[in-house]
Amino acid sequence: MYEIRIHSRGGQGGVTAARLLADAAFRGGKYATASPFYGAERRGAPVVDFVRINDRPIRIYSQIEHPDLVVVLDPSIMDAVDILQGLKKGGSIVINSPKPLEIPRHPVFHVDLTGIAIAQNLVVAGSPVLDTPLLGALAKMGFVSLDAALAAIRDMFSDERNIKAAEIAFRELNL
């Protein structure tokens, strides 16, 4: 089983990204679950989402304490939350950043999800929405196929800018 923890702030699309990832995994023949965890439901508040992907049915619905991958949609959250807590040895990190960041003992991948969302005018209430570009980046990492990711996006959003954002992030993720 592969376990992913997504750190974001309310309004960035972390909850939707988790749902899209689980949907795309299901389309690819996998079993998947997605669940959010948040306190005060307001824009800007820290949110954590959990995604599990497996070849067999998943019967665990608790929070993920030892993820294989941590995704950080807002790098400023690293000042408030220990994103490395429980990350498995050799676990990876994906950070929304135009520049590479180093975190000791873990491979770190980066992609400018914010820049992609802004370029595609995927902005709600003044904040870039990062869910669909993130799905493109995770597709490049092999969690789901790009075709499954795009199909999941098309089922949820009719605006083709979401597809374009996912395709750009797929190309631009630094592996």
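Read-outs throughout are calculated quantities, based only on the coordinates presented, and are distinct from any laboratory measurement. All figures in this text were calculated on a predicted structure; none of them were measured in a lab. Neighbour counts run over all protein chains shown; Cβ positions are idealised from the backbone, glycine included.
Observations
- Backbone N under 15 Å from the L84 label point (7 Å along Cα→Cβ), restricted to the range 97-111: 101-109
- Rough spin-label spacing in nm, given labels placed 7 Å along Cα→Cβ, for L101 and M156: 2.2
- Across all Cα pairs in the range 58-118, the calculated P(r) in 5 Å bins from zero up to the longest distance comes to 4, 17, 25, 24, 15, 9, 5, 1 percent per bin.
- In a fully extended conformation the segment linking I60 and L146 would gain 28.3 nm over its present Cα-Cα distance, using 0.36 nm per residue.
- Within the straight-line cut-off of under 15 Å between alpha carbons, the aspartates and glutamates reachable from K89 are E3, E65, D68, sequence neighbours fewer than 8 places apart in one chain being disregarded.
- Ellipticity estimate at 222 nm from DSSP helix runs (n ≥ 4, -39,500 (n - 2.57)) divided over the chain, nearest 500: -9500 deg cm²/dmol
- Kirkwood Rh, Cα atoms: Rg over Rh of the range 2-172: 0.93
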